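Comments concern the structure below.
No value in this document is a laboratory result; all are computed from the given coordinates. Since the model is a prediction, treat every value here as computed from it, not as a measurement. Counting neighbours? That spans all protein chains shown, and the Cβs are built from the backbone with ideal geometry, glycine included.
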Amino acid sequence: MIETLKNTRNLPDSALQELLESPSAALAQELKDTAREVCLKVKGPEVLIRALIEWSNVCRNDCLYCGIRRSRADVPRYSLSPEEILQCCGAAWRDGVPTFVLQGGENPAAAEGLVPIVRTIRERFPSAAITLSLGELPFELYAALKEAGANRYLLRHETANPEHYARLHPAGMRLETRLACIRELKRLGYETGMGMMVGSPGQTTRNLIEDLRLMQEIGPHMIGIGPFIPQDGTPFENCPAGSAETTLRLIAIMRLMFPDANIPATTALATLLPGGKQAGIQAGANVIMNVYTPLKERKKYDLYKGKTDV
Ligand code: 5AD
């Protein structure tokens, strides 16, 4: 099985299903070891560090899983000032972390205000990579942010299945719109990231295989996945969390299917599994995202319960 894995990017659905569901710890270990080997060969031994700057938790959306969804009135809202954002970038730069990830709730008006800030970051840190994660925005704004100096954009598709998408999101949000944004980001020349939660309510193994197939079709440069973790005060607060083990197996599968992709061992994985970041790396991930959000605001960016901030 594993020999086939190493030599093909095109595993049949049946093999993917077996790798995701097999009770065999030996098979799972072999999968992760193979992925780690491929990662070392293709990406080299370095683990890349990114500086995550959660710049605002103001969001127009009401995604059923998310801790900063609009209708959570008990969440104090904040947005960092331009000076604070620049300070975060400076702190990351001094730490030797020259990739800044500006993430925030979906808020097109506020995102417009980021254009001059991105321009300033680009001027002050010409060689840094500027990654944005700001949700669905008008295409002109994606272009303006790119022109101002942003290079990368993370926009998880969340699930490749339209019915499942509808179950996770309020009426009005559509998978088709999300995918049009992802395709446009690629077209504009952004290094583009996709991804999904593992074990979100109603998700099946079939859905995960659909996610992999969709990503094969679109070809993301980065793939971020993490287990679903219920957050209090959301419609899914009593749903069970996703599986850390399945997340690790998926990381390994993705490394084999997308050898060149940058794949983080995410905070959600570390939140659910002690040592999760190391476990992610050992399963084929090559990126760690460290939080640089100012301490006074960190607690307000609780996408899910118990989110660690290391
Ligand atoms: N559990 C795990 N991940 C979540 N995200 C949002 N809410 C949760 C949750 N409850 C993820 C989504 C989003 C990213 C920023 O955080 O996949 O794209």
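Would you mind ranking 132, 40, 272 so that the residue whose beta carbon has the fewest other beta carbons within 10 Å leads the list?
Ranked by crowding around the Cβ, least crowded first: 40, 272, 132.
Given a cut-off of 17 Å, what percent of all Cα-Cα pairs of region 176-296 lie beyond it?
59
Rounding to the nearest 10 and keeping the result within 0 to 90°, find how far the Cα-based axis of helix 205-218 lies from the longest principal axis of the chain.
The angle comes out near 60 degrees.
For a quick check: sort 296, 277 by the number of other beta carbons within 10 angstrom, fewest at the front.
In order of increasing Cβ crowding within 10 Å: 296, 277.
For region 166-239, which chymotrypsin sites (Phe, Trp or Tyr not before Pro) are both in a DSSP coil and crowded by at most 16 other Cβ atoms within 10 Å?
Those that pass, being in a loop and sparsely packed, number zero.
Using a Förster distance of 35 Å, how high is the FRET efficiency between residue 147 and residue 60, based on the Cβ-Cβ distance and rounded to 0.05?
After rounding to 0.05, the efficiency reads 0.90.
Rounded, prolate or oblate: which fits the chain when a ≥ b ≥ c are the square roots of the eigenvalues of the alpha-carbon gyration tensor, with rounded for a/c under 1.5 and prolate only if a/b beats b/c?
Because a/c hits 1.5 or more and a/b exceeds b/c, the chain counts as prolate.
Excluding residue 234 itself, what net charge comes from residues whose Cβ is under 10 Å from its Cβ, given Lys and Arg +1 and Asp and Glu -1?
Net of charged neighbours comes to 0.
When only alpha-carbon atoms are used, what values of Rg and Dmax, in angstrom, describe region 149-190?
Looking at region 149-190, its Cα Rg and Dmax stand at 11.7, 36 Å.
So what is the 222 nm mean residue ellipticity for the chain from helices alone, if each DSSP H run of at least 4 adds -39500 (n - 2.57) and you divide by all residues, rounding to the nearest 500 deg cm²/dmol?
-13500 deg cm²/dmol
Rank the residues 125, 100 as a footprinting-exposure proxy: fewest other Cβ atoms within 10 Å of their Cβ go first.
Least to most surrounded, the residues fall as 125, 100.
Looking only at Cβ-Cβ distances, which cysteines of the chain have no other cysteine closer than 4.7 Å?
Cysteines of the chain left without a disulfide-compatible partner: 39, 59, 88, 89, 181, 239.
Enumerate by residue number the GluC sites (Glu not before Pro) in region 21-92 meeting two conditions: DSSP loop (anything except H, G, I, E, B), and at most 12 other Cβ atoms within 10 Å of the site's Cβ.
When the GluC sites (Glu not before Pro) of region 21-92 are filtered for loop state and at most 12 Cβ neighbours within 10 Å, 46 remain.
Semi-axes of region 88-159's equivalent ellipsoid from the Cα gyration tensor, sqrt of 5 times each eigenvalue, largest first, rounded to whole Å?
The equivalent ellipsoid of region 88-159 has semi-axes of 21, 14, 10 Å.
Given R₀ = 30 Å, what would the calculated FRET efficiency be for residue 14 paired with residue 163, taking r from the Cβ atoms and rounding to 0.05?
In this case the efficiency is close to 0.85.
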